[in-house]
1. Quick one: how many residues across segment 1-36 are touching a residue at least 12 places away in the same chain (Cβ under 8 Å), within 20 Å of TRP59 (Cα to Cα) and surrounded by 14 or more Cβ atoms within 10 Å (Cβ to Cβ)?
2. What's the total number of residues in segment 1-53 that are in a loop (DSSP other than H, G, I, E, B) and modelled with pLDDT under 90?
3. Taking into account only those residues within segment 1-57 that are of a type in the set (D, E, K, R) and over 18 Å from the mean Cα position of the chain (by Cα), which is nearest to SER74 (Cα to Cα)?
4. Limited to segment 54-86, what total is found for residues that are touching a residue at least 24 places away in the same chain (Cβ under 8 Å), outside any helix (DSSP H, G or I) and open to solvent by less than 90 Å² (accessible area, probe 1.4 Å)?
Amino acid sequence: MTLLFNLALGLVPTLILGASIAAGVDDDAHHRRVFLLVYGLWAITLALWNWLESSHGAWIILWAAFGVVALALSYHQRARRNTGGAP
């Protein structure tokens, strides 16, 4: 049950991204940055939920890692935009 629940909730932000692109939202840098921010926060929330439910440690580590990476990418894109595109 935990496997299906984690996979289903893990796909929610991706499905929302697909729906917004299908609705005609331009897939520009701002849209991708907001998606990474939301996905990062969502993944960290799933990690905390799994921790509270005493789920297997792999789920906690997996979602925490996805969350940290997504938030770091979002921050990196924002910093890159503020410096004029320099790496």
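1. Counting residues in segment 1-36 that are touching a residue at least 12 places away in the same chain (Cβ under 8 Å), within 20 Å of TRP59 (Cα to Cα) and surrounded by 14 or more Cβ atoms within 10 Å (Cβ to Cβ) gives 5.
2. Here the count works out to 7.
3. ASP26
4. 1
The values are calculated or read from the model by the stated rules, or taken from the named source; none is laboratory data. Owing to the predicted nature of the structure, the values given are computational and were not obtained by experimental measurement. So basically every Cβ, Gly included, is an ideal-geometry build from the backbone, and we count neighbours across all protein chains shown. These accessible areas exclude ligands, DNA and RNA; they are computed on the full protein's heavy atoms, side chains included. Shrake-Rupley method; radii C 1.70, N 1.55, O 1.52, S 1.80 Å.
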